[in-house]
């Protein structure tokens, strides 16, 4: 049976890659850091490739969009590093955070939060936001799928109209879904702060050290590279 | 002895003026098996939420073990006594693995993690689903999710289980497994109230039946009496159990069978038919094996 990583191990790895993405200069390191994070996600934490790259779509799009106002500020001089620095950093940083989010179930993250003595209301707030986000993703995916089946060859105009209808009813449906989850929580005995279950895998110091080897090696390489120059 | 749960003139409105439930009077005792039968939109799910103390009633009251449920404390006392299975099990499964999820309810009640996991394993064993223990919850089929959700409820040992359409969306095997789980839970002494529009399930499992139509209980009584009343079921837009329909047609053909108990399962119907055949001197059925070579098992097999 494949061993599932303890959230603490993933957290340390994620923090290490996140720190590197914020500290190291985006050029030439961004691509390398992204490759390392992806390798960790796909090989070490066994996140399905399709899920990993699909999840990177949103931060990728935001980073790309950020290029436009930054380029405007720099009078569209694309050789100006100020245009690329922040978007590239934010993209690699997002991928490091996604590593944690995609490899660890929410309940285990909440448990890790409790172990770190984060106040219970904050944890509950995070869980509430997660529930709404999960309901939003689930409901909108179901509605988009249903719409594509009901009007597979709709014209652009009809598609815009259908999207407007969809977004009009989306919020209500998300609320209804979230409401049902609230009933579910109450039915399971949650009457105050939720008590998340402990992870099934124990924290392994050797696994954590092994996970941190790679960011440490990259940090060392970056130091040597800087000194060489 | 006061009932486990009682409703007195219970009424609920989602929006002012539109009654979802009206004048509901139910008494549920320990060990009861009550099926609430109703068509879509009759108010079945709302009734269960009201019984679980999750709605602020518009009128009437809930009484748990002789004490009215009004304050926050009495409401949480009621919730400790009750296990509620929602129609969609995904709405109440929260932990990553089955084992952890079954322990989830115990953790919320302050049971330490290792004890909760031990009890979770014991419940999974008792309900014969221990093979699912290490599985990821999101990878389970609908039937498995329902059984896991039931195991999660059983782990906290409720006195009363409220099940919202437990057989909806299940295939034959899933239904049989669910009934097995229900029987196992009942063996522990819990009362079970389930809502359904499936009269076959009610005939097979319930001892008493209540018919819910447009938010009102129009009839309540013994399983055989209520479910053999075609007019009553028809007025509530319900279909009588198929085994009852067949047996009642046979009763007309063979009047002495009118006194016999109506069959709730296909195997009982099989026995019913054989008994008629055996008690008619002009037609004695031959043993099955001589009539049809390589015939499989009894004439009508299976639980349902």
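The values are calculated or read from the model by the stated rules, or taken from the named source; none is laboratory data. Predicted, not measured: the structure shown is a model, and the values here were computed from it. With ideal geometry, Cβ positions are generated from the backbone for all residues, glycine too; neighbour counts draw on all protein chains shown.
Condition (residue is within 14 Å of chain A (Cβ to nearest Cβ), out of contact with any helix residue (DSSP H, G or I) (no Cβ under 9 Å at 6 or more places or on another chain), surrounded by fewer than 16 Cβ atoms within 10 Å (Cβ to Cβ) and modelled with pLDDT of 90 or more) applied to segment B:53-60: is it met by at least one residue?
So in segment B:53-60, the residues within 14 Å of chain A (Cβ to nearest Cβ) come out as B:53-56.
Checking which are out of contact with any helix residue (DSSP H, G or I) (no Cβ under 9 Å at 6 or more places or on another chain) leaves us with B:56.
Filter once more, keeping what is surrounded by fewer than 16 Cβ atoms within 10 Å (Cβ to Cβ): B:56.
Right, trim to modelled with pLDDT of 90 or more and you get B:56.
Yes.
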(request) Kindly list the number of the only condition in (1) more than 26 Å from residue B:37 (Cβ to Cβ); (2) part of a helix (DSSP H, G or I); (3) in contact (Cβ under 8 Å) with a residue 24 or more places away in the chain; (4) more than 8 Å from chain A (Cβ to nearest Cβ) that fails for residue B:80. (result) (4)
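Given the condition modelled with pLDDT under 90 and either touching a helix residue (DSSP H, G or I) at 6+ places or on another chain (Cβ under 8 Å) or more than 25 Å from residue B:21 (Cα to Cα) (or both), answer yes or no: does some residue in segment B:208-218 qualify? Walk me through it before giving the result.
First pass over segment B:208-218, keeping only residues modelled with pLDDT under 90: none.
Scanning segment B:208-218, I find no residue that is modelled with pLDDT under 90 and either touching a helix residue (DSSP H, G or I) at 6+ places or on another chain (Cβ under 8 Å) or more than 25 Å from residue B:21 (Cα to Cα) (or both), so the answer is no.
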(message) Among the residues that make up segment A:153-165, is at least one of them in the same structural domain as residue A:129 (by TED's automatic domain parsing) and crowded, with 16+ Cβ neighbours inside 10 Å?
(response) yes
(request) Could you identify the single residue in B:175, B:251, B:225 that is free of Cβ contacts under 8 Å to residues at least 12 places away in the same chain, farther than 30 Å from residue B:110 by Cβ and in contact with a helix residue (DSSP H, G or I) (Cβ under 9 Å, 6 or more places away or on another chain)? (result) B:251
(request) Can you work out which of the residues in segment B:87-102 that are surrounded by fewer than 23 Cβ atoms within 10 Å (Cβ to Cβ) and within 18 Å of the chain's Cα centre (by Cα) is nearest to the other protein chains (Cβ to nearest Cβ)? (result) B:88
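Identify, from the list B:111, B:69, the residue that is more than 9 Å from every other protein chain (Cβ to nearest Cβ), over 23 Å from the mean Cα position of the chain (by Cα), within 18 Å of residue B:152 (Cβ to Cβ) and surrounded by fewer than 24 Cβ atoms within 10 Å (Cβ to Cβ). Show your work before the answer.
Working: B:69 fails: within 18 Å of residue B:152 (Cβ to Cβ).
When all the criteria are applied, what remains is B:111.
Only one of B:86, B:21, B:34, B:26 is in contact with a strand residue (DSSP E or B) (Cβ under 6 Å, 6 or more places away or on another chain) and under 30 Å from residue A:108 (Cβ atoms). Can you tell me which?
On the way: B:21 fails: under 30 Å from residue A:108 (Cβ atoms); B:34 fails: under 30 Å from residue A:108 (Cβ atoms); B:26 fails: under 30 Å from residue A:108 (Cβ atoms).
Sole residue among the options that is in contact with a strand residue (DSSP E or B) (Cβ under 6 Å, 6 or more places away or on another chain) and under 30 Å from residue A:108 (Cβ atoms): B:86.
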(message) Return the residues of segment B:183-195 that are out of contact with any strand residue (DSSP E or B) (no Cβ under 6 Å at 6 or more places or on another chain) and either modelled with pLDDT of 85 or more or farther than 25 Å from residue B:261 by Cα (or both); say none if nothing qualifies.
(response) B:185, B:188, B:189
(request) Quick one: count up the residues across segment B:119-152 that are more than 13 Å from chain A (Cβ to nearest Cβ) and either surrounded by fewer than 16 Cβ atoms within 10 Å (Cβ to Cβ) or in contact with a strand residue (DSSP E or B) (Cβ under 7 Å, 6 or more places away or on another chain) (or both). (result) 6
(request) Would you mention how many residues in segment A:181-213 are more than 8 Å from chain B (Cβ to nearest Cβ) and in a helix (DSSP H, G or I)? (result) 10
(request) Please work out if residue A:112 is within 14 Å of chain B (Cβ to nearest Cβ), exposed (fewer than 15 other Cβ atoms within 10 Å of the Cβ) and part of a helix (DSSP H, G or I). (result) no
